[in-house]
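A.B. asks: One structure, pasted below without further comment.
The values are calculated or read from the model by the stated rules, or taken from the named source; none is laboratory data. Since the structure is predicted, the reported quantities are computational estimates derived from the model, not experimental observations. Please note: Cβ atoms are built from the backbone with ideal geometry, for glycine as well, and neighbour counts cover all protein chains shown. Side chains are part of the model used for accessible areas, which takes the heavy atoms of the whole protein and leaves out ligands, DNA and RNA. Shrake-Rupley method; radii C 1.70, N 1.55, O 1.52, S 1.80 Å.
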Amino acid sequence: MRQRLKLPAGLDGNLWHYRQRGRANAMHHHAELEFNLVTRGTGLYLLAGRKYQIRRGDLLWLFPAQEHVLVEQSPDFEMWIGVASPKTVRRIAIDPGAKLLQRANPAGEYCRRLPEPDLAGLEILIAGIANLREHPGLFNAGLGYALLAAWHQFERAADVPVHDVHPAVERAARLIRDKDNTLGLNELARLSGLSAPRLSRLFRQQTGIALVGFRNRQRVEKFLALYGTGQRLTMLEAALESGFGSYPQFHRVFKHVMGCSPGDYRRR
């Protein structure tokens, strides 16, 4: 799915700090070049048909033609996200080593792990520039510098192990996140092109997560997005709309995933 990013007026891109909020993200790509700098927790990325297990210190580059989705993240997951418009990338990525940033889908792997000193320095730099959004001139100059500084650190860093993902596993993950997470296992397997036992086994082998557990996690994320502050839907209404069959099932899964009951979450 091609996503249209809404960049702030007058800015060449954006920088923001992302925390795990229980919101589901669909498989997507966009015209802007993107980088992610993981600062806390762990996650699982599906990117251009490959699987990346990411943690603190990992720096990923997501190019415009590459579909990607963060399918799993620990409760403490945090990262910095940076995006830059195509025009901006063409203007600043002019050194021989940086020209690759202008491509839509370059060959190779673009996830590496930064040493702690490099991570700390880059994190401070990005945070300082992100605070300049009210000053477009300063922010745009800083964004270009942050982008090239991140690429420079990336070129010096070590590769992160990457594994190909079976098309059926990627298809199943996409169906659960993007379509209808009420699909039964047999129907999900049929649409993914494998038998139910093989899909379940392969999904766990390649992602480290049981298929049922992954689907439950996505239902909780959908519930959190629907329920919000509780002003539009009741908990039961949001739970049923998220794919749970009953409130007791929702309560059990929610407590397992979030570590607290729905009532405790609401009071917090």
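A.B. asks: On C-alpha positions alone, give me the angle between the axis of helix 116-130 and the longest principal axis of the chain, in degrees, nearest 10.
C.D. replies: 90 degrees
A.B. asks: Taking a probe of 1.4 angstrom, what is the accessible area of Val71 in Å², to the nearest 10?
C.D. replies: Surface accessible to solvent at Val71 totals approximately 10 Å².
A.B. asks: A follow-up question, please. How big is the chain in terms of Cα radius of gyration and Dmax, in angstroms?
C.D. replies: 19.7, 59
A.B. asks: With just the Cα atoms defining each centre, how far is the stretch 28-80 from the stretch 180-212? Give it in Å.
C.D. replies: The two parts, judged by their Cα centres, are 23 Å apart.
A.B. asks: Grab the Cα-Cα distance for Leu7 and Asn131, subtract it from 0.36 nm times how many residues apart they are, and report the gain in nm with one decimal. Mind showing how you got there, number by number?
C.D. replies: On the way: separation 124, 0.36 × 124 = 44.64 nm, distance 1.55 nm.
Taking Leu7 through Asn131 to full extension adds about 43.1 nm, to one decimal.
A.B. asks: Let me ask something else. Which chymotrypsin sites (Phe, Trp or Tyr not before Pro) does the stretch 40-69 hold that lie in a coil by DSSP with at most 16 other beta carbons within 10 Å? Spell out each step's value before the answer.
C.D. replies: Numbers: sites: Tyr45, Tyr52, Trp61; in loops: none.
Taking the stretch 40-69 and a limit of 16 other Cβ atoms within 10 Å, no loop chymotrypsin sites (Phe, Trp or Tyr not before Pro) are found.
A.B. asks: Can you give the Kirkwood hydrodynamic radius for the stretch 111-174, in Å, rounded to one decimal and based on Cα pairs?
C.D. replies: On the way: mean 1/r = 0.0712 Å⁻¹.
The Cα-based Kirkwood calculation yields 14.1 Å.
A.B. asks: Another one. For a quick check of your reading of the filter: which GluC sites (Glu not before Pro) in the stretch 31-120 sit in a DSSP loop and have no more than 14 other Cβ atoms within 10 Å? Present the calculation step by step, with values, prior to reporting the outcome.
C.D. replies: Details: sites: Glu32, Glu34, Glu67, Glu72, Glu78, Glu109; in loops: Glu32, Glu67, Glu109.
In loop regions of the stretch 31-120 (DSSP not H, G, I, E or B), there are no sparsely surrounded GluC sites (Glu not before Pro).
A.B. asks: Here's another thing I want to ask about it. Report, in cubic angstrom per residue, the convex hull volume of the C-alpha atoms of the stretch 1-88.
C.D. replies: Working: hull volume 8.0 nm³, N = 88.
That works out to 91 Å³ per residue.
A.B. asks: Something else: FRET efficiency for Gln249 and Thr229, Cβ-Cβ distance as r, R0 = 25 Å, nearest 0.05? Mind dumping the intermediate values first?
C.D. replies: Details: r = 23 Å, r/R0 = 0.93.
Computed FRET efficiency for Gln249 and Thr229: 0.60.
A.B. asks: Moving on to the next point. On a 1.4 Å probe surface of the protein chains, which of Lys6, Lys87 comes out largest in accessible area, and what is the full order? Before the final figure, lay out each step's value.
C.D. replies: Details: Lys6 190, Lys87 150 Å².
Per-residue accessible area, sorted high to low, gives Lys6, Lys87.
A.B. asks: Just to verify a number: what accessible area does Glu241 come out at with the full protein assembly present, 1.4 Å probe, Å² rounded to tens?
C.D. replies: It works out to around 100 Å².
A.B. asks: Just round it to a whole percent: the fraction of Cα-Cα distances in the stretch 143-266 exceeding 25 Å. Before the final figure, lay out each step's value.
C.D. replies: Numbers: 3299 of 7626 pairs.
Here the tail beyond 25 Å accounts for 43 percent of pairs.
A.B. asks: Keeping all protein chains in the complex and leaving out DNA, RNA and ligands, what accessible area do you get for Asp12 with a 1.4 Å probe, in Å² to the nearest 10?
C.D. replies: Result for Asp12: roughly 40 Å² accessible.
A.B. asks: By accessible area of protein heavy atoms, probe 1.4 Å, what ranking do Val220, Val212 get, highest first? Intermediate results must be reported in sequence, preceding the final value.
C.D. replies: Details: Val220 0, Val212 85 Å².
Greatest to least solvent exposure: Val212, Val220.
A.B. asks: Also, quick follow-up: Dividing the convex hull volume of the alpha carbon atoms of the stretch 1-159 by its residue count, what do you get in Å³ per residue? Before the final figure, lay out the partial values.
C.D. replies: Details: hull volume 17.1 nm³, N = 159.
Roughly 108 Å³ of hull volume per residue.
A.B. asks: Moving on to the next point. Rank-order 192-198, 141-147 by packing density, defined as the average count of other C-beta atoms within 10 Å over each peptide's residues, highest first.
C.D. replies: On the way: 192-198: 15.6, 141-147: 20.6.
Top to bottom by mean Cβ count within 10 Å: 141-147, 192-198.
A.B. asks: Now for a separate question. When the Debye formula is applied to the Cα atoms of the stretch 196-268, each taken as the same point scatterer, what base-10 log of I(q)/I(0) results at q = 0.17, 0.24, 0.26 Å⁻¹?
C.D. replies: -0.64, -1.03, -1.14
A.B. asks: Compute the relative contact order of the chain as a whole-number percentage, counting only Cα pairs closer than 8 Å that sit 6 or more residues apart in sequence.
C.D. replies: Details: 432 pairs, mean separation 49.6, N = 268.
Relative contact order of the chain: 19 percent.
A.B. asks: Residue separation times 0.36 nm, minus the C-alpha to C-alpha distance between Leu138 and Arg156: what's the value? Don't skip to the end; give the middle numbers.
C.D. replies: Working: separation 18, 0.36 × 18 = 6.48 nm, distance 2.73 nm.
Extra length available between Leu138 and Arg156 comes to 3.8 nm.
A.B. asks: Tell me the Kirkwood hydrodynamic radius of the stretch 213-254 in angstroms, computed as one over the mean inverse distance between distinct C-alpha pairs. Walk me through the intermediate numbers first.
C.D. replies: Working: mean 1/r = 0.1010 Å⁻¹.
Kirkwood hydrodynamic radius for the stretch 213-254: 9.9 Å.
A.B. asks: From the protein chains alone at 1.4 Å, what is the descending order of accessible area for Ile126, Ile209, largest first? All intermediate terms of the calculation are to be shown ahead of the outcome.
C.D. replies: Details: Ile126 0, Ile209 30 Å².
I get Ile209, Ile126, largest accessible area first.
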